[in-house]
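Novice: My questions all concern the structure below.
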Amino acid sequence: MTRSDRFGNRFTGNNWPGQMPGGRFGDGIGWLASEDKKGAAVMRGSCWNSDRAGKQPRHFLVVVLTVALGLVADQSACGALRFYASFDKTFDAEVAGGSPSGLLLRRGAKLVADGKWGRAVRGHAKSQLAYDVLGNLDLDRGTIEFFAKMDPFADGQWAYNFIDLSGAHGMKLGVSRQGRSKSFVLGWTVGTRTGWIPNAQRFVHHGTWQHYAITWDLTAGPGKGVVAVFVDGARRVHADDVDPLAWSPDQIFLGSSYTGASIDDLAIHDEVRFVENFAPRKKTLLQVALQKQPSKNKASSSPQKPFGRPGLVNGDFEDWQDGRPVGWNLVGNTVLVKDDGYRFSGRSSMLLKSGKYIEKYPYRGTSSDPMALTPNRSYRLRAWVSTPQSPVGDLRFDIVSSDGTLVGSYSSGWSTSHGWLPVDLSFRTNDCRQYTVSIYLRRHKNEFYGLMWIDNLRLEMNGESDQVVSEAEKARGFSLFSRSVMETSRFEKRMPSQGERIDRLSVSMGRGEYEPAFLGLYALRGLGEVDVRLVGDLKGPSGSRLDASAVTVRRVQESLLPLTRPRGVDRGGMLAWWATIKTSEETAPGQYTGRLQVMVAGKPVAEIPLRVNVMDLRLPSPRAAFLVYHHETYVPDRFLTPALRRAYYRDMVEHGMNTVTVYNNADVDGKRLDFSHNTGYPAGDPRRAYGLDTTMKMILDSGLCRSGQPVLWLTSRSGEKGYGWGGTPEPALKAMLGEWKKRKWPEPLFYATDEPGGTGPRAEAARSLLKTIKSWGLPIRTTTAGLDPEVLGKYFDVWIQGEAGVSQDSVRLAEKLKSEVWTYTCHGMHQNMPFPRALYGFWAARTGIKGVASWAYYDNKIWTADANGNVSGDPRTRLSQVCLSPSGPIPTIAWEAIREGVDDYRYLQFLQDLVARAETVVKTLAARSEALLTEEDRQMIDRREEQKKRRMAEIRPRLQLVRWEAKTDAERRGEQAWLAVRRIRSVLSLVQLSTKSMLMAIPFDAMSTRLGLAHGGHWSTYAPPMGPMIEGANMRTIADDHRRLVASHILYLQDTLDRNQPGADR
C-alpha cells in the first residue's frame, strides 16, 4: 500500500517512518560549558533535571540544537542551499529539497510585518509551525542560519525555542532565563550531546534582530563530531566530541513552546559554512535562493537513518544485553531484572524495581527505543502486569510523540497487590512519525519495595487507515462523524472510520424519554472558537413541533458534559458534543427534523440535519427503586442554596431516579421532635436549618417517589448523646413514624448500621441493634448495605448487597425469608459508561432485584466548576456522578449512562407488560373461537394456514389440498378470532424466545467479574459481560443493540395487537 504523509511524501507498505519524544528545551536537560582559547564555549555536556531532584527549576536562556535521525545528504552537492524560507508571503519555503509546505500543527504562529526584511514568522505560546525533515536537511554535515528577535520575558515565560528538530536525537536552539534572575542561558543539543552558556545576556539581546547560525560535521566517527553555534557572527559554542546521530528527526519546528520571538530568513545548507568568526550578511538570501536549485539526493524522500524501530521491540522481554532488555532504557532510580521463574508467557518477564531504598526520583521506569508509527492512526497497546507482593502507588504506560505530546496514557491509580492482569490502552498518533513507550511505577506512600512484573507487551494498529476527504471538508477544515454515545470516554483516542462519517445526525426514541446523540469533529487544520448550536425548533408530523428547549447541546470535556461553549482545536485534533433530545408522554409520534450548525469564530461554517424519530410507545415508570446516595455533608456550603438543593433533586428525576436517601433526623433528645431542623448536624452548621419538613417537600416537589418507591431514611444525631445510623431511641422513632404517617410521606426504609458484613464487631453490633429494633414492634422495614445475608439476612427486610454479591442463592434466600434484594456499588467511576448502564438496566432486569443504588451523587468537596463548566480541583476517587457549579450540577458521562440504563429497564418492563397483555388477549380470543367453532374446525383452519405457508415457500406442497370455509356468521367470527390467536401467538413466540435468549445470555453474577480488578484504571474502562463474547462483539455498545431489539419487539407486538383486537361479539 502506498501512503502520503502530511507534507506530500509517499511511502510504501506499513513501515511508515515514525517519530519519538525528544528531550525538550527545559525538560531536564542541562548544559555545561567552558571557554576555549578563542573565547568560544567548549561543551562538555551533562544531564540535569531540577524537577526530579526536588529543586526549583532553573530558567535559562538556551539555544538548543537537537539533531535526531538524519536525512540523506548528497555530499557531491556540497555547499548547495537545501532549504530556504523568507516568510514574506506564506509559511511555505521558496526553496526545498523535500516538501516546502509549512504546516501550522498547533494554532498561534503567524506572519508579522516587522521582519528583518519584509515579513517574519512569530510563534506564540505552544504554537507549532512544522516543516518536514525529509530532503530538507543533511544530518551528517550542514548549517542552519536565521535571524531572530525576542521580546522581553513576560511573567510566566522562561524559554524561547527558535528551532527544534524533534526526535530522540534531534537539534534544538533556544534561550531561557537563568533561575529567577534577569540573566540568560544560551543552550544547544545535538543528538545525545547538550550544553549551555550562562550569562548569555552579554551577547543575546531583547528587541534586536540578531543572526544565529549552527554548524555540524559528524562524519569523523563516534565522539569526534564537531558542532559550533554563532551569534551575530561570533562563535559562542565549539564542541568536538559529538557522536553521529542514531535516529532521524522528521519535523523542523519554528517558534514553539513558550515563544515570544520572531524568525526571518531561514536557510539550511549542505556544508559547514562558518568555522571562524564572520560578519553576518546584510541582505536577504531571497534573490540568491531563487537563482539556485536546492541540493537533491537520489533518495531524498527516504531517511538516511530510520525514524525508529519498525515497531515495539522485545515486548516479551526475553532478549537481554548488558543487564537490560534489548530495545529498552532505564529511567529514574530503576533496576530491571530478567525473571525466568515468574512470567505470564514465554521464557521470561521483566521485573521493575527501585535501585535504592531512598529514591532520588519520585518514580522508576523504563522507556522503549523510538518506534516508527504511522501518523494519524489508531493503535492499541496491550500488556500483562503483576504486583503479587505489595501495593503500588501508580502504574503508568505513556506513549509520547517526538514533539513531546502525550498521545496515550494508562494509569492504574492506587493498585492493590494482584496476580497477572491485562492492561489495554487505545491511542491515536498525531502528525509525528516517531514515538516512545514509557512505563513508570510510582511508589506507594513511603514504601520503596513495591515490585512490578511486566510481560507480553504488544502494539498493533487498530481500525481503518487512510480517510477520503471531500473538497467541501477540505474547504471548511473539518469532517464530522458520529458513534455510539457509549464510546464517548476517550473518544479522541480512536480515529473516525469511514463508516462513522455522517451527513445527518439521527435519533430514535420513545415518548417520555431523554435520548442523546454523539457528534464528533475531526480537524483538518487548526480552528479557533468552534461550537455547535441548534437552529430553531424541530418540525414534526401534522404541524407538531419539538421546541428548541427540548434539545440540549453539551460539550464533551473529558468525563464531564458542560453546556457547549466555543473551543479551539489543533490540526489532527478532535472535539465532540452530545445533543440530548427530550420528549414528553404527549409528544406526537413521527419524524421531527431540525438543523445543527457548526460555528467557527462566530460564523456558521457547516449545517447538519438533525432527525428525531419518535416511536409510538410511552415508556412506563419503573417498578424497581432507582437512586443515588446523596449526603449533603460532602457538598460545600456555597453549593447548598435552596435553589441548588432543588436543582439536585430535579436532576435526579431527569436521570431516571425515583427515590433518594434522606440523611435527616427530627430527634432532639430521644423524646422531643423538631421537624424544622436536622438534628444530625450541630448548631451553626447550615445543614441543620433544613429539617425533614423542608427536605421532604423539596423531594416530593421534584417528582421523586411519585410511583410509590420508599425512601432510604438514615438517622443520626450529633452531640454528647449522639448516635449513628439506626440508633434512634424507641420513643423518638415511634413518634417520628406517627408524624411521618400524618404527613402522608412515602414509606421510609429505616437504615440501621452500615456495611456490617457477617463477622466481627460490626456484625455483632448490627445483630444486637436489629434485635432491639424488632422487639419494639414498630411498623417500619429495616435495611442496610453490605451485609452477609447468610448471617444477618433474617434481621433485615431489604438487603442492599454489593453488586458483586448478588447471586441466585441470595435471591432464593431472600424469597424464603420474605426479604427484598437491592444492590449498590461504590466502584462506579464516572469515566465508565458500560458498568452503570448495565447495573441500572439489563442486568437489573435479568436478576429481578428490587432496587439499585450508587455511591454517590457527589462526594468530593474539592472538585467543582465555575458557571461556564471550567473545572478546578481533584476528582480523586471519581465516584461523584456530577460536578457542582453555581449554575447547577454538571453531569458526568457515567451519570448519563445511568439514565440510559434506567431507560433500558423501562423498555424491557414495557415489553414484559405488553407480553402479559398479549397473553390476556390470546386467552380472550381463544375462548371466543372455542365458543363459535368446533375443535375439528380449528384444526382444519390450522392445516389450511400451514398449507398456505408451505405453498408460498414451495416446501413440498401436499397433493391433496385442505379446504375449509365458514358457512355461518358465527363461524366467520370464530374464524377471525382463531386467526388472530394464531397471529398473536406467532409473534409472541418470536418475542419471548428472542427476549429470553438475550436476557439468559447475561450472567446472573455478571457484576462479580469486577472482583478481579485491582487497578482504578480498570474500573474506569470495565465493561461487564452483557452477552456472549462472539467475534466483533463490543461490550461497550451491546446495550444499544439490546435496546434496539427490545424496541423492535415492542413495535411489532404492539402493531400485531392493534390489528387483532377482540372487538365486540356480534
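The values are calculated or read from the model by the stated rules, or taken from the named source; none is laboratory data. Quick caveat: nothing in here was measured; it's all calculated off a predicted structure. Using ideal geometry, Cβ is built from the backbone for each residue, glycine included, and neighbour counts are taken over all protein chains shown.
Results for (1) of a type in the set (V, I, T); (2) within 30 Å of P496 (Cβ to Cβ); (3) not assigned by TED's automatic domain parsing to the domain that holds L336, shown as yes or no for each residue.
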residue	(1), (2), (3)
S378	no, yes, no
D394	no, no, no
G408	no, yes, no
S411	no, yes, no
H418	no, no, no
L421	no, no, no
R428	no, yes, no
V437	yes, yes, no
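Novice: Checking A576 against (1) part of a strand (DSSP E or B); (2) within 24 Å of E471 (Cβ to Cβ), only one condition comes out false. Which one?
Specialist: For A576, the failing item is (2).
Novice: Within the stretch 296-318, is even one residue modelled with pLDDT of 80 or more, part of a loop (DSSP other than H, G, I, E, B) and of a type in the set (K, R)?
Specialist: Yes, some residue in the stretch 296-318 is modelled with pLDDT of 80 or more, part of a loop (DSSP other than H, G, I, E, B) and of a type in the set (K, R).
Novice: Additional query: Contact list please: Cβ distance under 7 Å, first residue in the stretch 775-791 and assigned by TED's automatic domain parsing to the domain that holds V806, second residue in a helix (DSSP H, G or I) and charged (D, E, K, R), pairs at least six apart or on different chains.
Specialist: Every condition considered, the pairs that remain are W776/E730; L778/K734.
Novice: To continue, here is another question. Quick check on my filter: what residues within the stretch 262-295 are among the polar types (S, T, N, Q), modelled with pLDDT of 80 or more and surrounded by fewer than 19 Cβ atoms within 10 Å (Cβ to Cβ)?
Specialist: N277 - this is the single residue of the stretch 262-295 that is among the polar types (S, T, N, Q), modelled with pLDDT of 80 or more and surrounded by fewer than 19 Cβ atoms within 10 Å (Cβ to Cβ).
Novice: List every residue pair whose Cβ atoms lie under 7 Å apart, where the two residues are 6 or more positions apart in sequence or sit on different chains, the first residue falls within the stretch 642-656 and is farther than 15 Å from T695 by Cα, and the second residue, located anywhere, is surrounded by fewer than 17 Cβ atoms within 10 Å (Cβ to Cβ) and modelled with pLDDT of 95 or more.
Specialist: Listed by first residue and then by second, the contacts come to V653/G703.
Novice: What are the pairs, 6+ residues apart or on separate chains, where a residue within the stretch 605-625 that is closer than 30 Å to E473 by Cβ has its Cβ under 6 Å from a residue that is in a strand (DSSP E or B) and of a type in the set (V, I, T)?
Specialist: V605/V598; A606/V598; R611/T593; V612/V507; V612/I581
Novice: Which of the residues spanning the stretch 758-785 are among the small types (G, A, S) and under 19 Å from P710 (Cβ atoms)?
Specialist: A785
Novice: Let me ask something else about it. From A814, A865, which residue is in contact with a Cys (Cβ under 6 Å, 6 or more places away or on another chain), assigned by TED's automatic domain parsing to the domain that holds S707 and farther than 23 Å from R1010 by Cα?
Specialist: The unique qualifying residue is A865.
Novice: Can you work out which of the residues in the stretch 628-642 that are among the hydroxyl-bearing types (S, T, Y) and surrounded by 12 or more Cβ atoms within 10 Å (Cβ to Cβ) is farthest from the chain's Cα centre (by Cα)?
Specialist: Among those residues, the one meeting the criterion is T641.
Novice: Something else about it: Is the stretch 144-160 home to any residue that is crowded, with 24+ Cβ neighbours inside 10 Å and of a type in the set (S, T, N, Q)?
Specialist: no
Novice: Restrict the check to the stretch 142-152 and report whether at least one residue is free of Cβ contacts under 8 Å to residues at least 40 places away in the same chain and touching a Phe, Trp or Tyr at 6+ places or on another chain (Cβ under 8 Å).
Specialist: Taking every residue of the stretch 142-152 in turn, none turns out to be free of Cβ contacts under 8 Å to residues at least 40 places away in the same chain and touching a Phe, Trp or Tyr at 6+ places or on another chain (Cβ under 8 Å).
Novice: Which residues, counting only those in the stretch 165-194, are out of contact with any helix residue (DSSP H, G or I) (no Cβ under 8 Å at 6 or more places or on another chain), of a type in the set (A, V, I, L, M) and assigned to a strand (DSSP E or B)?
Specialist: Selection gives L165, M171, L173, V190.
Novice: Let me ask something additional. Do we have V922 as surrounded by 24 or more Cβ atoms within 10 Å (Cβ to Cβ) and over 17 Å from the mean Cα position of the chain (by Cα) here?
Specialist: For V922, the condition - surrounded by 24 or more Cβ atoms within 10 Å (Cβ to Cβ) and over 17 Å from the mean Cα position of the chain (by Cα) - is not met.
Novice: Then there's this: Let me spell it out: the conditions are (1) at positive phi; (2) surrounded by fewer than 22 Cβ atoms within 10 Å (Cβ to Cβ), and H205 meets all of them except one. Which number is the exception?
Specialist: The number of the failed condition is (1).
Novice: Among the residues of the stretch 552-563 satisfying the criterion of being surrounded by 22 or more Cβ atoms within 10 Å (Cβ to Cβ) and touching a Lys or Arg at 6+ places or on another chain (Cβ under 8 Å), which is nearest to P604 (Cα to Cα)?
Specialist: L561
Novice: Is it the case, given these coordinates, that T90 is touching a residue at least 12 places away in the same chain (Cβ under 8 Å), within 13 Å of A267 (Cβ to Cβ) and polar (S, T, N, Q)? Talk me through it step by step, then tell me what you get.
Specialist: Values: touching a residue at least 12 places away in the same chain (Cβ under 8 Å): yes; within 13 Å of A267 (Cβ to Cβ): no; polar (S, T, N, Q): yes.
Considered against the rule, which asks whether it is touching a residue at least 12 places away in the same chain (Cβ under 8 Å), within 13 Å of A267 (Cβ to Cβ) and polar (S, T, N, Q), T90 comes out as no.
Novice: Looking at H211 and the list (1) over 22 Å from P370 (Cβ atoms); (2) part of a loop (DSSP other than H, G, I, E, B); (3) out of contact with any helix residue (DSSP H, G or I) (no Cβ under 8 Å at 6 or more places or on another chain), which single condition is not satisfied?
Specialist: (2)
Novice: Also, I was wondering about something else. Being within 17 Å of E529 (Cβ to Cβ) and either modelled with pLDDT of 95 or more or not small (G, A, S) (or both), is that true of even one residue in the stretch 576-591?
Specialist: Scanning the stretch 576-591 turns up at least one residue that is within 17 Å of E529 (Cβ to Cβ) and either modelled with pLDDT of 95 or more or not small (G, A, S) (or both).
Novice: May I ask you to say which residue of Y723, Y795 is within 30 Å of R1010 (Cα to Cα) and aromatic (F, W, Y)? Walk me through it before giving the result.
Specialist: Details: Y723 fails: within 30 Å of R1010 (Cα to Cα).
Sole residue among the options that is within 30 Å of R1010 (Cα to Cα) and aromatic (F, W, Y): Y795.
Novice: With respect to T694, is the statement that it is under 23 Å from A647 (Cβ atoms) and among the β-branched types (V, I, T) true?
Specialist: Values: under 23 Å from A647 (Cβ atoms): yes; among the β-branched types (V, I, T): yes.
In short, yes.
Novice: Here's a follow-up. Name every residue in the stretch 678-705 that is of a type in the set (G, A, S) and surrounded by 17 or more Cβ atoms within 10 Å (Cβ to Cβ), in order of residue number. So that I can check it myself, show each step before the final result.
Specialist: Going residue by residue through the stretch 678-705, those that are of a type in the set (G, A, S) are 680, 683-684, 689, 691, 702-703.
Passing the criteria: G680, G691, S702.
Novice: Being out of contact with any helix residue (DSSP H, G or I) (no Cβ under 8 Å at 6 or more places or on another chain) and not in a loop (DSSP other than H, G, I, E, B) is the filter; apply it to the stretch 643-667 and report the residue that is surrounded by the fewest Cβ atoms within 10 Å (Cβ to Cβ).
Specialist: By that ranking, first place goes to A643.
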